[in-house]
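The values are calculated or read from the model by the stated rules, or taken from the named source; none is laboratory data. Because the structure is predicted, anything quoted here is derived from the model rather than measured. Quick reminder, even Gly has a Cβ in these numbers, built from the backbone with ideal geometry, and neighbours come from all protein chains shown. Heavy atoms of the whole protein, side chains included, go into the accessibility calculation; ligands, DNA and RNA do not. Shrake-Rupley method; radii C 1.70, N 1.55, O 1.52, S 1.80 Å.
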Amino acid sequence: LNSDQEEYLATIISYVCENGDITVETVVNDDPFADNLNPIFGAYIFPLAQYINNIHGVINPVTA
């Protein structure tokens, strides 16, 4: 991961700590995630989606 990607993932973790959960829909549609998604991850958006689904699955195992 480059420094921008690491910072983006740290933002995801911070969001989860503050809000209790995250979904792919949140990352695609909501600030501060949506504006930087494509420039930072480009072709690696699908592994990012899996990372987010994994976090969501740990937090909400019943709905994952």
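Annotations for the structure displayed:
- Checking each residue of the stretch 14-30 against the condition of being at positive phi and exposed (fewer than 12 other Cβ atoms within 10 Å of the Cβ) gives at least one match.
- The stretch 34-62 - residue that is farther than 21 Å from residue 2 by Cβ and touching a helix residue (DSSP H, G or I) at 6+ places or on another chain (Cβ under 9 Å) and, of those, least open to solvent (accessible area, probe 1.4 Å): 56
- Residue match in the stretch 41-59 (condition: free of Cβ contacts under 8 Å to residues at least 60 places away in the same chain and outside any helix (DSSP H, G or I)): no
- Residues that are under 11 Å from the mean Cα position of the chain (by Cα) and either among the hydroxyl-bearing types (Ser, Thr, Tyr) or part of a loop (DSSP other than H, G, I, E, B) (or both) within the stretch 19-29 comprise 21, 22, 23, 26, listed in sequence order.
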